[in-house]
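Inspection log for the structure reproduced underneath, given as C-alpha cells.
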Number of protein chains: 2
Amino acid sequence: MSPDASRLLPHTGDFQWAGVVPTDYKDSDDFREVTRRVFVGDQEEPTSFQVRYFEVAPGGFTTLERHEHAHCVVVLRGRGEVVLNCQTHPMSFADVLYVAPWESHQLRNPHPDEPFGFLCIVDAVRDRPQSVSCA
Amino acid sequence: MSPDASRLLPHTGDFQWAGVVPTDYKDSDDFREVTRRVFVGDQEEPTSFQVRYFEVAPGGFTTLERHEHAHCVVVLRGRGEVVLNCQTHPMSFADVLYVAPWESHQLRNPHPDEPFGFLCIVDAVRDRPQSVSCA
C-alpha cells in the first residue's frame with residue numbers, strides 16, 4: 001500500500017482487518033499478552049500522527065510507563081482498566097482517555113471473558129517511554 | 001480541563017461523553033446534519049494531532065472535499081458510506097479509512113435507522129479543505 005493512495009481497511013469481524021497483521025507490542029519484557037496493529041503510520045504517510053490498535057488479552061497489561069509525548073486512547077473492544085498516576089479507573093466501549101505529558105499510565109485487562117482492545121493515537125515523532133513503578 | 005492533566009472521558013451511553021458538547025460541523029452550507037465533538041485538540045494539548053468524533057444523521061453528509069493533509073477515519077456507530085474519488089464504498093463498525101493527500105472524499109449516511117458516527121484524526125496544523133464535485 002502507498003501513502004499516496006487512500007485505503008479502506010474493512011473490519012472483517014472479531015476485530016480483524018483485511019490486510020492488517022498483528023505484531024508484537026514492543027521489545028521488552030515488562031508487559032504481557034499485548035498485540036499491536038498499525039492502521040496509519042508504518043507506510044511513510046505524511047501525517048504527523050500514527051493510529052494503532054492494541055489488544056490486551058485476559059490477564060494482560062501494557063508497560064507501566066511515562067513519556068513526554070501525549071496520547072489518546074479510544075476503547076473499541078471489551079473492558080479493561082487504566083492505571084493513571086497510580087490510580088485505577090475502569091474503561092469500556094467508546095471511553096476516551098487523554099494521557100498528558102509525563103503522566104504514568106498502564107492499560108490492563110483483568111476480565112477473563114474477552115480481549116480489551118483500543119485505538120492509541122500518538123505523534124509520529126516522539127520520545128521513548130520510561131518504565132516506572134507505583135510500588 | 002488542562003492539557004497538562006490527563007482526562008478520562010467516559011462514554012455515558014448512546015454516543016454521549018461526559019463533558020463533551022457537540023458543536024456545528026463547520027461554517028458552510030455544503031453539508032447536512034453533521035455534528036462534531038472534539039476529544040483532543042481544542043485545549044492547547046501539545047499533540048500534533050486532533051481527535052474528533054463526527055456524527056451524520058440519517059440522510060446527512062459531510063462536505064465533498066479534498067485537501068493536502070491526510071486523515072484517518074474509524075467508524076464507531078451505525079453504518080454509512082464514503083465517496084472516495086467519486087466511488088462509493090459502504091462503511092460500518094470498526095472499518096478504518098486512510099484518506100491520502102488530495103483525494104476527494106465525502107461521508108454519507110443513507111440509512112434511516114441510526115446515526116453514522118466516526119472518529120476523524122487529523123494533523124493539528126493543516127490546510128483548508130476545497131469543495132469539489134463528482135458531477
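Since every read-out is calculated from the coordinates, none of them should be taken as a lab result. None of these values were measured; they are calculated from a predicted model. In this analysis, Cβ positions are derived from the backbone assuming ideal geometry, glycine residues included, and neighbour counts consider all displayed protein chains.
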- Item | J(HN,Hα) series, the stretch A:92-104, from Karplus relation 6.51 cos²θ - 1.76 cosθ + 1.60, nearest Hz, glycine and proline x | 8, 3, 6, 5, 10, 10, 9, 9, 6, x, 6, 8, 6
- Task: Find how many whole Å separate the alpha carbon centroid of the stretch B:42-79 from the alpha carbon centroid of the stretch A:79-116.
- Result: 24
- Measuring from label point to label point, each 7 Å out along Cα→Cβ, what is the B:SER131 to A:ASN85 span in nm? 4.6
- Cα-based radius of gyration of the protein assembly as shown once divided by 2.2 N^0.38 Å, which approximates compact folds: 0.97
- Evaluated at 37 °C and 0.692 mPa s, the Stokes-Einstein D of chain B based on the Kirkwood radius over Cα pairs, in µm²/s, stands at 213
- Item | Hz values of 3J(HN,Hα) by residue in the stretch A:111-116 - Karplus curve (6.51, -1.76, 1.60), Gly and Pro given as x | 8, x, 8, 7, x, 10
- Query: For the stretch B:21-131, what is the charge dipole size about the Cα centre, in debye to the nearest 20, if Lys and Arg each add +1 at the Cβ and Asp and Glu each add -1 at the Cβ?
  - Reply: 180
- If labels are modelled 7 Å from Cα along the Cβ direction, A:ALA5 lies from its partners in the other copies at nm distances, smallest first, of 4.8
